[in-house]
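Peer 1: Before I ask anything, let me first share the structure, which is written out below as structure tokens.
The values are calculated or read from the model by the stated rules, or taken from the named source; none is laboratory data. What you are looking at is a predicted structure, and each value in this text was computed from that prediction instead of being measured. Neighbour counts run over all protein chains shown; Cβ positions are idealised from the backbone, glycine included.
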Amino acid sequence: MSVMRELNVKIFCLLLALTSLGLMYAKVKTLGLPLVPNQTSSIWAVEARVEFDGLGRSSTVNLDIPDNLGNFLKLDEFFVSRNYGLNVTSKQKDRRAEWSIRNAKGKQRLYYRIEVVPEDSVSKSDTIKYKIPVAPVKPEYEEPLASAIEDTLGKVRSESADIFTFVSQLLVQLNDPSPNKNIFVIQKGAVPGTEQWVKRIMYVLEGARISSRMVNGISLDDGVKDAKLISWLEVHNGQTWEGFDPLSGNKGYPSNFMRWSISDEPMLNVEGGRNEHLRFTLSQRPYSEADISQERAKTKQSFLNSWSLYKLALASQHVYQILLMIPLGALVVVLMRTVVGVPCFGTFMPILISLAFRETELLWGIILFCLITGSGLAFRFFLERLNLLLVPRLSAVLVMVIVLMLTISLMSNDLDIDRGISIALFPIVILTMVIERLSITWEEAGAFGAIKEGLGSLFIAIIGYFVMTNNQLEHLMFNFPELLLFILAIFLTAGRYTGYRISELIRFKDLANEEDKNAKTNTKTS
């Protein structure tokens, strides 16, 4: 029966540990929550500025805005348009911003701003967001373009294995710096590197009945003030869309390429105005990765956000930043008492003293703790002569502790010592119980036993202070509160520990050596 109970405890602890680490891994992998504090990443802000001259009548401005950003995730977007009405429409996954005004006169400016961050876990497949396109109908090319395209496609087809390799080989030949007569005919009227060149490539691909589309995007490079749209080619192979560099034929997308528009419609359309211009401005700024992960969780509507303390008010967050460190302090007490064998007064007293050390700093905390407990112990011995009952005696010690703390604070204020004023943060009731427990131990085990337990408590409190003020641990506990389950598993495992403590191994080292000698002697004799 005990073996079965032991197995159940181990299985339960294992489940707790796996649940804790699994949630932690999901937060890191899905939301990008950092494991190290104070890590920063870059947020890109892309601003589209629309300018045009109003004609003194009603005007409508229609701007294509991003919907599928590729390797980037949208955190937020803003529209700045004074006195304009705004309507954001979405038709077949194509989002457009429509501004309207009754009377537009003179120079007009409208702004659209989007903030994005790099996203590594973006799916390369668009089959969920976009329907599988119907194969295009082969155009009726005119001569000599028809013969040039037919000869070029035939040659490429013999040198390729599938649709993607076909497109790659076609782009290599179309961008040959020394083109043959067929390529020269195809290139006529379209300059490589322009939007017209991508449309020409799509026109050629229609001859092979390959579905393609043009993607306009922006290269997010640091230091670029006046960014230009880049036209990219995307081809569908019957299962997914894949990007191709229209100049080199390389498959894929640049790492810093943010897709802006996939529609065949014009990027900007202005009615009731003239001399319209569209300019893009880039800016980059550092931002906390922890804050970015929270924005990412809101954008993705992840269930992991429900297990996040960032949803709480700032005051509550500050409270839990301290409370979540208490289990780590308790872990120190458990390990020091159960495994190492350091004697101390109770379980929570060293933890609370460690919390007080957070405010007073370690050296001042030790001095004040020793001063208060020493003075309180002397007062406790004085009360012993009066033969008081337990509750009145504890109450008297409590009053004495408060008087001591008040005296130290007032003296520190007169001497301009800030650390002495923070003595009020010491847990009064715990100090009272420590003094009482110290005096009882003094009577039962003598001065050596009392001092031993008192120093052991102070030693554990000091270790707890270093653990509970560690920035790395504070970051992990606050951002991954599911680690409480892992700590709980350690507590349950330690609760079943029946082995020797380290202090006992040291204490009985001579006896163990003597037993080994006797065993060897008996072996030789036999």
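Peer 1: Tell me whether segment 216-231 contains one or more residues that are more than 24 Å from the chain's Cα centre (by Cα), in a strand (DSSP E or B) and over 30 Å from Gly54 (Cα atoms).
Peer 2: Scanning segment 216-231, I find at least one residue that is more than 24 Å from the chain's Cα centre (by Cα), in a strand (DSSP E or B) and over 30 Å from Gly54 (Cα atoms), so the answer is yes.
Peer 1: Take the conditions surrounded by 13 or more Cβ atoms within 10 Å (Cβ to Cβ) and at pLDDT below 85 and apply them to Asn71. Does it pass?
Peer 2: yes
Peer 1: While we're here: Of the residues Ile149, Ile183, which is within 29 Å of Lys228 (Cβ to Cβ) and part of a helix (DSSP H, G or I)?
Peer 2: From the options Ile149, Ile183, the qualifying one is Ile183.
Peer 1: Based on what the data block shows, is Ser288 at pLDDT 75 or above, surrounded by 14 or more Cβ atoms within 10 Å (Cβ to Cβ) and closer than 17 Å to Leu483 by Cβ?
Peer 2: Judged against the criteria, Ser288 is not a match.
Peer 1: Quick one: is Arg279 in contact (Cβ under 8 Å) with a residue 60 or more places away in the chain, charged (D, E, K, R) and closer than 21 Å to Ser219 by Cα? Walk me through how you get there before you give the answer.
Peer 2: Working: in contact (Cβ under 8 Å) with a residue 60 or more places away in the chain: yes; charged (D, E, K, R): yes; closer than 21 Å to Ser219 by Cα: yes.
Yes, satisfied.
Peer 1: Going by the structure shown, is Leu35 over 19 Å from Ala297 (Cβ atoms) and exposed (fewer than 15 other Cβ atoms within 10 Å of the Cβ)?
Peer 2: Considered against the rule, which asks whether it is over 19 Å from Ala297 (Cβ atoms) and exposed (fewer than 15 other Cβ atoms within 10 Å of the Cβ), Leu35 comes out as no.
Peer 1: Looking at Asp510, Asp516, Asp418, which is the one that is within 30 Å of Leu371 (Cβ to Cβ), at pLDDT below 70 and surrounded by fewer than 16 Cβ atoms within 10 Å (Cβ to Cβ)?
Peer 2: Result: Asp418 is the single residue among Asp510, Asp516, Asp418 that is within 30 Å of Leu371 (Cβ to Cβ), at pLDDT below 70 and surrounded by fewer than 16 Cβ atoms within 10 Å (Cβ to Cβ).
Peer 1: If I ask for residues that are free of Cβ contacts under 8 Å to residues at least 12 places away in the same chain and β-branched (Val, Ile, Thr), which ones from segment 352-379 would you list?
Peer 2: Of everything in segment 352-379, just one residue is free of Cβ contacts under 8 Å to residues at least 12 places away in the same chain and β-branched (Val, Ile, Thr), namely Ile367.
Peer 1: If a residue must be in a strand (DSSP E or B), touching a helix residue (DSSP H, G or I) at 6+ places or on another chain (Cβ under 9 Å) and of a type in the set (A, V, I, L, M), how many such residues does segment 240-261 contain?
Peer 2: Residues that pass the stated criteria total 0.
Peer 1: Identify the single condition in (1) modelled with pLDDT of 90 or more; (2) in the same structural domain as Asp264 (by TED's automatic domain parsing); (3) surrounded by fewer than 14 Cβ atoms within 10 Å (Cβ to Cβ) that Gly22 does not satisfy, given that it satisfies every other one.
Peer 2: Gly22 satisfies all of (1) modelled with pLDDT of 90 or more; (2) in the same structural domain as Asp264 (by TED's automatic domain parsing); (3) surrounded by fewer than 14 Cβ atoms within 10 Å (Cβ to Cβ) except (2).
Peer 1: Let me ask another. Go through the residues of segment 131-153 one by one and say whether even a single one is surrounded by fewer than 12 Cβ atoms within 10 Å (Cβ to Cβ), at negative phi and among the small types (Gly, Ala, Ser).
Peer 2: No, there is no match, as no residue in segment 131-153 is surrounded by fewer than 12 Cβ atoms within 10 Å (Cβ to Cβ), at negative phi and among the small types (Gly, Ala, Ser).
Peer 1: Restricting to segment 258-269, name every residue that is of a type in the set (A, V, I, L, M) and either surrounded by fewer than 19 Cβ atoms within 10 Å (Cβ to Cβ) or in contact with a Leu (Cβ under 9 Å, 6 or more places away or on another chain) (or both).
Peer 2: Matches in segment 258-269: Met258, Met267, Leu268.
Peer 1: Might you let me know whether segment 26-45 holds any residue that is at pLDDT 85 or above, of a type in the set (Ser, Thr, Tyr), closer than 28 Å to Glu474 by Cβ and part of a helix (DSSP H, G or I)?
Peer 2: no
Let's see how each residue does on (1) within 20 Å of Leu458 (Cβ to Cβ); (2) in a helix (DSSP H, G or I); (3) not aromatic (Phe, Trp, Tyr):
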{"site": "Gln317", "(1), (2), (3)": "no, yes, yes"}
{"site": "Pro343", "(1), (2), (3)": "yes, no, yes"}
{"site": "Gly346", "(1), (2), (3)": "yes, no, yes"}
{"site": "Leu363", "(1), (2), (3)": "yes, yes, yes"}
{"site": "Ala378", "(1), (2), (3)": "yes, yes, yes"}
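Peer 1: Does segment 185-207 contain at least one residue that is small (Gly, Ala, Ser), surrounded by 15 or more Cβ atoms within 10 Å (Cβ to Cβ), touching a residue at least 60 places away in the same chain (Cβ under 8 Å) and touching a helix residue (DSSP H, G or I) at 6+ places or on another chain (Cβ under 9 Å)?
Peer 2: Yes, that holds for at least one residue.
Results for (1) of a type in the set (Phe, Trp, Tyr); (2) closer than 24 Å to Arg437 by Cα, shown as yes or no for each residue.
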{"position": "Ala290", "(1), (2)": "no, no"}
{"position": "Tyr310", "(1), (2)": "yes, no"}
{"position": "Gln321", "(1), (2)": "no, no"}
{"position": "Val333", "(1), (2)": "no, yes"}
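Peer 1: From Ile463, Ile430, which residue is at pLDDT 90 or above and assigned to a helix (DSSP H, G or I)?
Peer 2: Ile463
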